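Working notes, structure below.
The values are calculated or read from the model by the stated rules, or taken from the named source; none is laboratory data. None of these values were measured; they are calculated from a predicted model. We place every Cβ from the backbone using ideal geometry, glycine too, and count neighbours over all the protein chains shown. Note: areas computed on protein heavy atoms with side chains; ligands, DNA, RNA excluded. Shrake-Rupley method; radii C 1.70, N 1.55, O 1.52, S 1.80 Å.
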Amino acid sequence: MIPASVLEGARARHAVKPAADVDIAPVRTTSERDAFVRFQLDHYRDDPNFVPPIVAERRDFVDPAKNPFLEHASLQLFLARRNGKIVGRIAAIDDPHYNQFHNTEVGFFGMFESVNEPGVAAALFDAAAEWVRSRGMKSMLGPVNLSTNHDCGLLVEGFGSPPAMMMPYNPRYYPALFEATGFRKAKDLWTYELSTSVAPPEEVLRAAERLREEGVRVRPLNLRDLRSERRILKQIYNAMLGRQWGFVPMSDAEFDFIAERLRPLAVLRSELCFIAEVDGEPVAFSLTFPDANVGLKAANGYLTRFGLPIGLARLAWATRANDRLRVLMLGIKPGFQKRGIDAVLYTETLRAARALGYVGGELGWTCEDNHLMNRALESMGARRYRTYRIYERKV
Amino acid sequence: MADVFDKCSNWKDYKIAKATGLYPYFKAIEASHASTEVEIDGKRIIMVGSNNYLGLAGDPRVKEAAHEAIRKFGTTCSGSRLLNGTLSLHEELEHRLAKFLNREAALVVSTGFQTNLATMAGILGRHDIVFSDRQNHASLLDGIRLGYATEKRYRHNDMEHLEKLLQDADPDAGKLIVTDGVFSMEGDLCNLPKIVELAQKYKARVMTDDAHAMGVLGEKGRGTAEYFGLEAQTDLVMGTFSKSFASLGGVIAGPFDVINYIKHKSRPVVFSASMTPAAVAAALKALDIIEAEPQRRARLLDIAEKMHNGFRAMGFDTGVSVTPVVPVFVGDQVKCFRMWKQLFEVGIFTNPVIPPAVEPGHALLRTSYMATHTDEQLDRVLEQFERIGRKLKVIPETRPTSYTPVKIARPGTYVIRNEASQRWAAASAGLLADRGFSLEQIARMTPGEVANKLFDAVETLTWRAANLQPDDLKRLSTAPLKLWEKRSGIRNLPGVLLEKGANFFMKNGTRPEA
């Protein structure tokens, strides 16, 4: 067995040098920030599977005045230019909550895009690494956009179809860029694909039936009192993920920020979101949403064109024809796991999805070593679909 | 007629302090047990107020070296270095220190105070300007007074102020920036990276007083400049032997020409008796040990971290210190004395620091540690501080739920914030600066650009509208009311517009230039 330090050294020697003709500059002005956001749209112009985010949404997302995550975390955006033309971008992130929670000295990076040139990627990573190091960090994890509570991971397996809502997407050559510049795998995140035409296995149905008899009640989200529902979700979320890899607790404002983004979807199809209660106490939830990416792809990044709500109309039109789901999250309070509550939630979701005419959807992500969850998903007939990877590098 | 003695007999502070039994100074130590415990008034007391950072003052090897020097050279040199006072020992120590500090030359002087006097008085000329931190050690201030240079004092570690002073200064004058490396009372570091950057920008020389840093900071113990990785950019470095070096005296190290000049021209050196043989030998031995035993530095910083965090966990404030100088803020001067006295009574020696050494209302107990303190001693110190701190209501009855741990200045923890990263800091600060457009900017745009901006604004507004919250709606509904309340401001609007418009046309040359 080769010691890790030797490997590290070898990797460093083989690491690509930053390209000399690329100028990395921090984003200083709002117009540069605008360019940072819009670069993604240009970059994927010819990729049929890319789903452009709403530009206005992304702009707010990286705005410290708008995104509550940036109230405690700091962010620095960088643009790589060659002869004045943008060829790459990266964000360096310092999340003190993460480091406090895990007692680590880790910085993050994300929102990485680059042309297919290791030299450009190396220059971008070095800029992020230097910024992260200047804040006293020892290593850098990513890509995360901008924390593990948002979308994260680099797509390494499962190209060839548009990503699910709130999951990242990238060209096939990105993993090679990462590995050529000294990154190594920190963790794999998996997503699963499940068709609603697959009948749930017998034992899952039986378990669900038994629990129902034991008094586990499953109810859809109460739209009239979203505020208290949100509180319930947040409480279960923070309790359940506490011990998981990469987890960082969300502040109320952060949770609300994400919840607000999802609210239209929840209102649209509230039949798909469930809360499970044992003796009146909420112990688990399952959040499934229609895959908004179908609509977003039609909008192509803008709600309006020439001041007219063209994108908005397209978005609405495409959403009508949407038959895909994203099972965003299934959460069970510690102490109620391994009791089959997930089975009840799952059968309820499946029933509702079928009734609404959805044909299938993507579940996830789950950590590769979250065996409990992975086994459960597989036993329900889900198929591993995509692999996202989080990389790490010393800075 | 005034009598020069009047101010002495009229000085009441001492009498008051003495009468109330709170006078804390000039405590005579009767015996010392391995330096960490001393005997005062027949009582054994844990010493956490000494600058003997590495605990070498009680080291048998150092003591033996001093004995040996006395046997060989006697008890004094009876004269100035220039004439009869230079021993081979002095030269050996100077060579060794120059090598240790990576400098061309070094000069040892009888005390640390005198070293600063000698340097300042020696190198400052009538047309020079010296920039000095407001909290610099008194020896630097007095040294500057002896030189004839113009003195500019900048606010403590305020780099903007320093830059402003440098900007305003005569560009042709010789400039020196002088700062303590570790500030002696509050234990914080100077912002050397920025000082060096400014020095290079404005062509100034840099000197650090590393009295409290030499032997303590940096991987090899060479002080603040080594810690920051800026030794090449720091022109002069000063240290004393009375702290980590277990002796008495001081050293100034730097370019040969400068040191040689001070040696021959500076009166505090030329007209003063040289270091005693015992002191030189002790410093030499201590240097040997400092070079050979880096674990002492590591232990010292471990202790410092333990004490900082220990105090902070109880709710004490240890300020911005990142070194083994751990100030414990008390606030009120009298309370500070009372706390000192109670600590003293239970066997803990600290140093009360009161105005003018610190700002009024910021009285503190200065504690400092040795590498030879045992964990039991330190735990006892913490325990008593907690008990007495609570009794005097310096800290709350219960420990706070959390505290910010200190970031001790260990070697390697500081990453040079080079030019690039400073640029980035500036970038994040200026990110929000260019919101909105002025009329002038709009006038320069092509119609296409203006249209794009307008469409962009519509897009943003649509996005905002799509994300309206119930709270936002409430705010919107009250907007007319608010406008009504601010109507006086609106009444001025035509005037403001008129003024803006007039300015705009004036600037854009619709009227012929005069």
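Observations, loosely collected:
- Stokes-Einstein D for chain B, Kirkwood Rh over Cα pairs, 25 °C, 0.890 mPa s (µm²/s): 91
- Cα-based Rg and Dmax for the range A:4-188, where Dmax is the largest Cα-Cα distance (Å): 15.8, 46
- Trypsin sites (Lys or Arg not before Pro), loop per DSSP, at most 10 other Cβ atoms within 10 Å - longest free stretch of chain A: A:46-242
- Once you reduce the range A:226-263 and the range B:27-51 to the center of their Cα atoms, the two points are 57 Å from each other.
- Viscosity 1.306 mPa s, 10 °C: Kirkwood-radius Stokes-Einstein D of the protein assembly as shown over Cα pairs, µm²/s: 48
- The tail of the calculated P(r) for the range B:1-105 beyond 25 Å holds 56 percent of all Cα-Cα pairs.
- In a DSSP loop and with at most 11 other Cβ atoms within 10 Å, the chymotrypsin sites (Phe, Trp or Tyr not before Pro) in the range B:1-84 are B:F5, B:W11, B:Y25, B:F26.
- For B:L497 and A:S31, the FRET efficiency from 1/(1 + (r/R0)^6), where r spans their Cβ atoms and R0 equals 25 Å, is about 0.45.
- B:I70 - accessible surface, heavy atoms, 1.4 Å probe, Å² rounded to 10: 70
- Percentage, to the nearest whole number, of Cα pairs in the range B:112-213 over 22 Å apart: 22
- Chain B: angle of helix B:295-314 to the longest principal axis, Cα-based, in degrees nearest 10: 60
- Computed 3J(HN,Hα) for the range A:36-45, one whole-Hz value per residue from the Karplus formula 6.51 cos²θ - 1.76 cosθ + 1.60 where θ = phi - 60°, is 4, 5, 6, 4, 4, 5, 5, 4, 9, 3, glycine and proline marked x.
- For the range A:305-395, a/c is not less than 1.5, where a ≥ b ≥ c are the root eigenvalues of the C-alpha gyration tensor, and a/b does not top b/c. That puts it in the oblate class.
- Partner chain coverage, peptide A:302-309 - average Cβ within 10 angstrom: 6
- Along the range A:295-311 the Karplus relation, 6.51 cos²θ - 1.76 cosθ + 1.60 evaluated at θ = phi - 60°, assigns HN-Hα couplings of x, 4, 4, 5, 5, 6, x, 10, 7, 10, 10, 6, x, 10, x, 5, x Hz to successive residues, with x for each Gly and Pro.
- Between 0 and 90°, nearest 10: helix B:159-168 axis offset from chain B longest Cα axis: 80
- For a straight C-alpha distance cut-off of 14 angstrom, the aspartates and glutamates reachable from B:K43 (same-chain residues fewer than eight places away being disregarded) are B:E30, B:E345.
- Taking all protein chains as they are arranged and a probe of 1.4 Å, the heavy atoms of A:M137 leave approximately 20 Å² accessible to solvent.
- Cross-link reach list, lysines versus B:K203, counting only Cα pairs under 17 Å and skipping chain neighbours closer than eight places: B:K152, B:K164, B:K175, B:K194
- Using θ = phi - 60° in the Karplus curve 6.51 cos²θ - 1.76 cosθ + 1.60, the 3J(HN,Hα) couplings for the range B:35-41 round to 6, 7, 10, 10, 10, 10, 6 Hz; x is entered for Gly and Pro.
- Tilt relative to chain B, helix B:256-265 - C-alpha long axis, 0 to 90 degrees, to 10: 60
- When accessible surface is computed with a 1.4 Å probe, chains A and B are found to bury approximately 2800 Å² between them, both chains counted.
- In loop segments of the range B:63-145 as defined by DSSP, the trypsin sites (Lys or Arg not before Pro) with at most 11 further C-beta atoms inside 10 Å of their C-beta are B:R126.
- Exposed GluC sites (Glu not before Pro) absent: longest stretch of chain B, with sites in DSSP loops and at most 14 other Cβ within 10 Å deemed exposed: B:220-396
- Gyration tensor (alpha-carbon) shape descriptor, the range A:92-162, a/c threshold 1.5: oblate
- A convex hull fitted around the alpha carbon atoms of the range B:344-418 yields 180 Å³ per residue.
- Mean sequence separation of contacting Cα pairs (under 8 Å, at least six apart), scaled by the length of the range A:4-188, corresponds to a relative contact order of 22 percent.
- Per-residue average of Cβ from other chains inside 10 Å of B:456-468: 6
- When shorter helices are ignored and each DSSP H run of at least 4 residues is given -39500 (n - 2.57), the per-residue value for the protein assembly as shown at 222 nm works out to -13000 deg cm²/dmol.
- Both the radius of gyration and Dmax for the range A:198-358 are 17.4, 58 Å, in that order, over alpha-carbon atoms.
- Apportionment of accessible area to carbon and sulfur, the range A:198-358, percent (1.4 Å): 56
- Translational diffusion of chain A was estimated from the Stokes-Einstein equation, with Rh taken as the Kirkwood radius over Cα pairs; at 4 °C and 1.567 mPa s the coefficient is 58 µm²/s.
- Sequence of B:S266, A:S251, B:S32 when ordered by accessible area, the most exposed leading, probe 1.4 angstrom: B:S32, A:S251, B:S266
- Measuring against 31 Å, Cα to Cα, the residue pairs B:K27/B:K220; A:K394/B:K306; B:K220/B:K393 contain B:K27/B:K220; B:K220/B:K393 as the ones spanning a longer distance.
- Solvent exposure of the protein assembly as shown as accessible area per residue, Å², 1.4 Å probe: 47
- Signed unit charges on C-beta, dipole axis of the protein assembly as shown, positive-most listed residue B:T478, B:A69, B:V353: B:T478
- Relative contact order of chain A, defined on C-alpha pairs under 8 angstrom at six or more residues apart (%): 22
- Cross-link reach list, aspartates and glutamates versus B:K500, counting only Cα pairs under 12 Å and skipping chain neighbours closer than eight places: B:E440
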